[in-house]
1. Could you estimate the translational diffusion coefficient of the range 284-356 from the Stokes-Einstein equation, with Rh from the Kirkwood formula over C-alpha pairs, at 4 °C and 1.567 mPa s, in whole µm²/s?
2. Just the Cα atoms of the range 256-320, one point each, no solvent: what log10 I(q)/I(0) does Debye give at q = 0.12, 0.15, 0.29 Å⁻¹?
3. If the chain were replaced by its equivalent ellipsoid, with semi-axes equal to the square roots of 5 times the Cα gyration tensor eigenvalues, what would those be, largest first, whole Å?
4. When only DSSP loop residues count, what chymotrypsin sites (Phe, Trp or Tyr not before Pro) in the range 1-93 have their Cβ near at most 11 other Cβ atoms within 10 Å?
5. Projected area of the range 130-312, taken from the Cα convex hull and averaged over every viewing direction, in nm²?
6. For the range 90-195, what are Rg and Dmax over the alpha carbons, in angstrom?
7. Would you compute, from DSSP H runs of 4+ residues alone, the mean residue ellipticity of the chain at 222 nm, taking -39500 (n - 2.57) per run and dividing by the full residue count, rounded to the nearest 500?
8. Can you list the lysines whose alpha carbon sits under 19 Å from that of K96, skipping same-chain ones fewer than 8 residues off?
Amino acid sequence: MATILAIETSCDETAVAIVKDRQVLSSIVSSQIDLHRTYGGVVPELASRQHLEWVNPAIAQALADAQLSWAEIDGIASTVTPGLVGALLVGTMAAKSLAMLYGKPFLGVHHLEGHIHATYLDQPGLKPPFLCLLVSGGHTSLIHVKEAGDYTTLGQTRDDAAGEAFDKVARLLGLGYPGGPVIDQLAKQGNAKAFKLPEGRISLGKHQGKGKAQQGQARYHPYDSSFSGLKTAMLRLTERLKPESPLPIADLAASFQYTVAKALTKRAIACARDFNLSTIAVGGGVAANSELRHQLTAAAQAEGFQVFFPPIALCTDNAAMIACAACEHLTRGRSSSLQLPVQSRTPLEKVLSLYE
Ligand code: KG4
Ligand code: ZN
C-alpha cells in the first residue's frame, strides 16, 4: 500500500489528510460554515478565497500531526471533480505544485469515490462488492461498488439531493444553515408521526425501467428518489399552520426527517435485495443523520444484511476519504496527468478516465 497526502477543497471545507494503508495518520478539516451562514448557503467566490488562505497552513499541520516529512509521502492527491470549479482549483493547483516540486505522483480524485471509500477507514477489512448509499448535499445515489474504479449507479434523485432537502426545509422553518444537523437535533423533541408527508415516488410507464425489480410490472421506480414534492408539502403545511402560531417546529422537523429516512431506507434495502448485495456502506453528510441510522440499521438487520455507517467526521467532507481512494488507485499502478483539469461534474462511471 502507500502513504498519501490529499487535499479536499471541492466546496466549503478546506481539508488535508495523510492516510497510510486505510489508516488515518492525520486529518485537518477547517469548516467555512460560519463564513457562509450569513448568506444561507455556500458563496463560491468566498469559498475559493478562504481555501487560498487556509490550504497551506492545513498542509503543514497535516504533516506535523502525522510526524512525517515529504520523503515519506508516496503520492499527492486532490479532489478534481465534482464541485465548485474555483474551489477545486485551489486544492488541485496546490497538489500538482507539490507533486512537481517533490517528484511524487499526482492523483486527481472523484469526490464521490472519496465518500464511497470513507467506510474503509473505519472498516479496513471491507471488500467489494457492496452497495453504497451516498447521501450528501449534492448527491443521493445508490452505487454498486464492484472494485476500486468500477461503479454502477443503480438509483439517484430526480431533483434535490437529500442534504439539499434538509437545508431547504431548515431555511423554510427559519433554522439556518446547514439544515441537517439542526433538524436532526430538533427532531429529537418532536413527534415523527405528527404529520403524514409524501415520500416522493417516481412513477414508471408500463414497460419502462431498469433493474431486476421492474420487469414491466412495477408502478414506481424502486431505487430513484425525489424530494421536491416533500419540500413543497412542507411549504404548504407551514402556510396552513401559520395562524396557529407558534409553529410546531419540532414535530415538523421530526416528521420531515422520518419521511426522508423512510424513503432512503426503502430504496437501499430494495436495491441490495434485488442485486444480491448483502453489505450496505453509507456515506456523505446525511449519513450522520440519527433517524436514517436507526431506520436503515433496523431494516438491514431484519433482512440479514450488514450496514456500515462511518464515524460522523468521516461522513461529512474530509480529505482522509480522498487519500484513501487515491491510495487504492496508486497501489493498482494508476496516477493522473499534471494536465488533468478540474471539472464541475463527471459521471462516477468515468472515474478511470482521471488516471493514466
Ligand atoms: O457530504 P457533505 O459534507 O458535503 C457534500 O458533499 O455535499 O454533506 C453536507 C450535507 C448538508 O446538506 C447537511 O445539511 C447534511 O449533509 N447533513 C445532515 C446531517 N449532517 C450533515 N443531514 C441530515 N442529518 C445530519 N445529522
Ligand atoms: Zn461530499
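1. Working: Rh = 15.0 Å.
Value of D from the Cα-based Kirkwood radius: 86 µm²/s.
2. -0.29, -0.44, -1.27
3. Working from the Cα gyration tensor, I get semi-axes of 35, 24, 17 Å.
4. Values: sites: Y39, W54, W70; in loops: Y39.
Those satisfying the criteria are Y39.
5. Averaged projected area of the range 130-312's Cα convex hull equals 10.7 nm².
6. 18.4, 60
7. Working: 11 runs with 148 residues, N = 356.
Computed ellipticity for the chain at 222 nm equals -13500 deg cm²/dmol.
8. Within reach: K104.
A short reminder: the numbers here are calculations on the coordinates, not readings from a lab. Computed from a prediction, not measured in an experiment: that's the story for all the values here. For neighbour counting, all protein chains shown are included, and Cβ atoms are generated from backbone atoms with ideal geometry for every residue, glycine included.
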